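Working notes, beginning with the structure itself.
The values are calculated or read from the model by the stated rules, or taken from the named source; none is laboratory data. All values derive from a computational prediction rather than experimental measurement. In this analysis, Cβ positions are derived from the backbone assuming ideal geometry, glycine residues included, and neighbour counts consider all displayed protein chains.
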C-alpha cells in the first residue's frame, strides 16, 4: 500500500504532541530548545526568536553536532527529557521530525501546530536572520 506525504504526516500527528503558538510564546522567556526544521533560505526570511536552524533532512544526523549545541553540553544532548519545540512552515515537516526524535529516545518533543505560518499570522515576534 502506498502512502501520500499527507498520510505520513497524519500518522505522525497521531503519535506526537503539538503545541499552539500562544502556548509556545509563553515558554520563550525560559530559553527553550526551539528548532526550525525548514531550509536555511526559509529560516533567513524570518524565524521564531531564539530558534536554531537544523533542516529536516539532516536533523537526526546533526542534532548533537550542531555548532550551537556542540560548544558545551546542551540540555537537549544530556537530558533527552528536555522539552524540544520543533516547527516548519505549516507543521508537516515538524510533525515528521517530532516522530523521528521520539523514536530516537527524546521524550518531550513538541511540534508547533500550524507551523511558522500560524506563529506569524497570530502576531508573535519574529527574527530576521539574513
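Please enumerate the residues belonging to region 74-106 that are assigned to a loop (DSSP other than H, G, I, E, B), out of contact with any strand residue (DSSP E or B) (no Cβ under 7 Å at 6 or more places or on another chain) and modelled with pLDDT of 95 or more.
Narrowing region 74-106 to residues assigned to a loop (DSSP other than H, G, I, E, B): 74, 79-83, 88-91, 104-106.
Now narrow it down to the ones that are out of contact with any strand residue (DSSP E or B) (no Cβ under 7 Å at 6 or more places or on another chain): 74, 79-81, 88-90, 104-105.
Passing the criteria: 88, 89, 90.
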By residue number, the members of region 1-20 that are out of contact with any helix residue (DSSP H, G or I) (no Cβ under 7 Å at 6 or more places or on another chain), at pLDDT below 95 and surrounded by 12 or more Cβ atoms within 10 Å (Cβ to Cβ) are 10, 11
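I'd like the full set of residues that are loosely packed, with under 14 Cβ neighbours inside 10 Å and touching a residue at least 40 places away in the same chain (Cβ under 8 Å), limited to region 21-49. Don't jump to the end; show me each part of the working.
Of region 21-49, the ones loosely packed, with under 14 Cβ neighbours inside 10 Å are 22-23, 26, 29-31, 40-41, 44-45, 49.
22, 44, 45, 49, listed by residue number.
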